1. Only residues that are within 28 Å of LEU27 (Cα to Cα) and not in a helix (DSSP H, G or I): list them for the range 60-111, please.
2. Can you work out which of the residues in the range 185-208 that are away from ligand 3 (no atom under 16 Å from the Cβ) and of a type in the set (A, V, I, L, M, F, W, C) is surrounded by the fewest Cβ atoms within 10 Å (Cβ to Cβ)?
3. Out of the residues in the range 251-265 that are without any contact (Cβ under 8 Å) to a residue 60 or more places away in the chain and within 20 Å of THR137 (Cβ to Cβ), which is farthest from the chain's Cα centre (by Cα)?
4. Just to verify a result, which residue in the range 199-217, among those that are of a type in the set (Gly, Ala, Ser) and modelled with pLDDT of 95 or more, is nearest to ligand 2 (Cβ to nearest atom)?
5. HIS265 versus (1) part of a helix (DSSP H, G or I); (2) touching a helix residue (DSSP H, G or I) at 6+ places or on another chain (Cβ under 6 Å): which is the lone unmet condition?
6. Against the definition (of a type in the set (Gly, Ala, Ser) and closer than 20 Å to ALA156 by Cα), how does GLY248 come out, yes or no?
7. Condition first: in contact with a helix residue (DSSP H, G or I) (Cβ under 7 Å, 6 or more places away or on another chain) and either within 14 Å of ligand 1 (Cβ to nearest atom) or open to solvent by 70 Å² or more (accessible area, probe 1.4 Å) (or both). Now tell me which residues in the range 313-326 satisfy that.
8. Show the residue pairs meeting these rules: Cβ distance below 8 Å; 6+ apart or different chains; first residue within the range 220-237 and of a type in the set (Val, Ile, Thr); second residue in a helix (DSSP H, G or I).
Amino acid sequence: RQHRWRCAEVTFTCPEGELSVMLLLLLLLLLLFTANRPKHLLIYINPYGGKRQGKRIYEQKVAPLFAAAGVSTDVIVTEYANHARDHLRTEAELKKYDGVVCVGGDGMFSEIIHGLIWRTQIDGAVDPNCPDETLQTCSLRIGIIPAGSTDCICFATVGTNDPVTSALHIIVGDSQPMDVCSVHHNNAFLRYSVSLLGYGFYGDVLTDSERKRWMGPARYDLSGLKMFLTHHYYEGTVSYLPARGIIGTPRDAARCRSGCVVCQHNGKLLTERSENDGEWRTIRGKFLAINAASMSCACPRSPKGLSPAAHLADGTTDLILVRKCSRFDFLRHLLRHTSKDDQFDLTFVEVHRVRRFRFTPRHCQSDSDLELDLLGNASKRQIFSQICRDHPACGCAPAYSCWNCDGEILTHTAIDVRVHCQLIKLFARGIEEPAVFEDLANPCAI
Ligand SMILES: CCCCCCCCCCCCC/C=C/[C@@H](O)[C@H](COP(=O)(O)O)NC(=O)CCCCC
Ligand SMILES: Nc1ncnc2c1ncn2[C@@H]1O[C@H](COP(=O)(O)OP(=O)(O)O)[C@@H](O)[C@H]1O
Ligand SMILES: [Ca+2]
């Protein structure tokens with residue numbers, strides 16, 4: 001609640017008519033030319049997200065504010081999934097606008113960035129399929145009016161999921177840079193991600209929850225419980241390029257806040273330096289979850305987020321590996337998403353701040369890789385007998401999961417992920433620290 005903004009009317013009185021006209025003109029000029037306020041916005045509403053209230057939220061809470069602030073709008077209510085993405089990619093006359101706004105959840109935001117980033121690369125003659133290309137930054141800012149199920153991107157950039165607050169951040173023209181991960185497979189582009197890329201637990205929760213969409217946001221709670229009880233683990237190899245020379249670690253007590261110096265420092269450093277600096281590291285094992293959090297992923301379900309010290313715009317993602325453990329231990333880890341305890345202070349959890357990572361599930365590894373896994377001299381048959389011992393009930397190879405990519409299912413399992421520092425900008429300013437009242441002895445002075 002402390003991050004909520006509200007409108008207020010202030011009446012100024014001025015004894016002289018001429019002076020009041022001058023002040024009014026000055027104010028109008030300031031608003032027109034000095035502030036970075038948007039004047040014309042392209043708005044996409046997902047009528048299908050969250051509790052299906054997107055259209056009502058926009059019409060009742062947001063449109064009147066835009067009108068009062070003199071912001072003109074072109075509004076499109078989407079008619080099908082990927083409508084907004086495809087419109088932005090091919091049709092939208094982007095030159096007319098100062099920004100694009102989505103009304104919906106993380107899935108709707110994802111559509112917008114896919115449309116905008118794709119369009120920017122094609123216009124700039126950059127090949128989005130090449131994972132090593134330096135992507136062009138998008139010039140249009142993006143606003144989010146939360147009307148989805150988790151709304152983690154809004155919560156982690158504003159501090160609250162409140163349509164009025166988000167509308168006011170858009171109106172005053174705030175600007176918050178944000179990192180974007182590109183996801184590729186064999187030199188083919190798959191998706192972009194800004195919040196959570198999760199394999200295993202979060203991939204399974206998402207797949208199961210999509211079948212329960214009729215339940216609205218509560219679908220995640222039911223699927224979360226079901227997947228917790230199912231307790232699947234997945235084998236594979238994770239390789240990563242640690243972020244070197246940057247300030248900040250995933251275990252810091254400090255948080256990414258408005259005007260974050262870590263983002264400013266690392267952003268500058270990483271744009272100047274070749275990202276291939278450093279050595280790749282490899283980890284093989286059995287995991288309950290592999291999560292990459294490019295921001296804290298804070299949301300009402302997890303107010304600190306999956307990686308509380310992650311940064312919005314530092315050019316890195318926090319790679320969290322939760323190794324196979326008992327249900328009880330996994331529950332301890334999950335409960336720490338919701339409490340103040342350090343969720344990484346567990347023997348089966350490790351976290352690395354990285355610029356790039358790859359994952360290959362066990363079933364995609366070549367035979368020679370598999371043989372190497374088992375001390376070099378194990379035959380393929382021995383490897384399969386190992387698998388069957390782990391799954392006595394079904395006697396088959398272990399199942400494989402999918403990736404949860406900002407709440408969208410990604411069925412490719414073997415992926416190559418690279419962080420693009422500050423590729424997009426939001427109409428936000430990061431989470432503001434609560435005001436510190438210094439003059440407590442004299443509250444009137446405050
Ligand atoms: C037994 C106690 C369990 C407590 C678990 C609490 C877990 C909270 C995790 C929050 C993760 C947030 C990451 C955000 C992901 C969103 O992008 C994604 C899509 O959002 P939207 O399009 O708005 O619906 N949401 C999810 O994947 C939901 C994950 C919920 C898992 C329980
Ligand atoms: N008009 C529409 N009909 C059906 N699906 C849509 C429509 N517009 C957008 N979508 C899709 O709806 C999905 C969920 O959207 P989102 O806004 O994230 O809501 P939620 O937070 O409830 O998941 C996204 O995959 C998006 O592409
Ligand atoms: Ca980041």
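The values are calculated or read from the model by the stated rules, or taken from the named source; none is laboratory data. Note that the structure is a prediction, hence the values are computed from the model and not measured. Neighbour counts are summed over all protein chains in view; Cβ atoms, including those assigned to glycine, are modelled from backbone coordinates with ideal geometry. Areas reflect the complete protein model, heavy atoms only, side chains present, ligands, DNA and RNA absent. Shrake-Rupley method; radii C 1.70, N 1.55, O 1.52, S 1.80 Å.
1. Once the filter is applied, which keeps residues that are within 28 Å of LEU27 (Cα to Cα) and not in a helix (DSSP H, G or I), the range 60-111 yields ALA69, GLY70, VAL71, SER72, THR73, ASP74, TYR97, ASP98, GLY99, VAL100, VAL101.
2. ALA188
3. HIS265
4. Only one residue fits best here, namely SER209.
5. (2)
6. yes
7. If the condition is that a residue be in contact with a helix residue (DSSP H, G or I) (Cβ under 7 Å, 6 or more places away or on another chain) and either within 14 Å of ligand 1 (Cβ to nearest atom) or open to solvent by 70 Å² or more (accessible area, probe 1.4 Å) (or both), then VAL322 is the only one that fits.
8. Close Cβ pairs satisfying both conditions: THR230/ASP204; THR237/ARG362; THR237/ASP369.
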